[in-house]
Amino acid sequence: MEVPTLAVQAPGCWAFDALCLILLFAAVDVAADPLVFLVAYGVAIAIAAIPLTPGGISVFETTMLATLAILGAGSEAAIPILGHRLFNFWLPLPLAAIFYPALHLGAGRTRSTW
């Protein structure tokens, strides 16, 4: 079986990311027209790809909120967008800190007893 190329993986990643955001909108009961949402998401992804700030800090969120505001969504859209950042960025960081030492063990190595 051939490994999917970047041309398949990138749109798949964006689709699952958008699905995560749609589910967050539904979870907090914020109504958004799917077409308006997809346009806002596409614009935010495109603008976030331009390195405007170090590490792209809050470019996606600001662009998403601004686009949704221009297209008629209310200010309540801020909660699921910030929740998206929490789940997709901040929540994995403590998990990475916990599991990082496992990377040093490597294949074939065993942990020595202290």
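The values are calculated or read from the model by the stated rules, or taken from the named source; none is laboratory data. On a predicted model such as this, the values are computed, not experimentally measured, just so you know. Cβ: placed from backbone, ideal geometry, glycine included. Neighbour counts: every protein chain shown.
Brief remarks follow.
- Residue in region 60-74 that is hydroxyl-bearing (S, T, Y), farther than 20 Å from F16 by Cα and modelled with pLDDT under 90 present: no
- Residue match in region 34-47 (condition: in a loop (DSSP other than H, G, I, E, B) and at pLDDT 85 or above): no
- Flag for V30 being at pLDDT 90 or above and either in contact with a Ser or Thr (Cβ under 7 Å, 6 or more places away or on another chain) or not hydroxyl-bearing (S, T, Y) (or both): no
- Number of the condition not met by Y100 [criteria: (1) touching a Pro at 6+ places or on another chain (Cβ under 6 Å); (2) exposed (fewer than 10 other Cβ atoms within 10 Å of the Cβ)]: (1)
- For F16, the stated conditions hold: it is closer than 16 Å to F87 by Cβ, under 16 Å from the mean Cα position of the chain (by Cα) and of a type outside the set (D, E, K, R).
- A32 being within 17 Å of I70 (Cβ to Cβ) and surrounded by 13 or more Cβ atoms within 10 Å (Cβ to Cβ): yes
- Between I79, I57, the distinction of being at pLDDT 85 or above and β-branched (V, I, T) belongs to I79 only.
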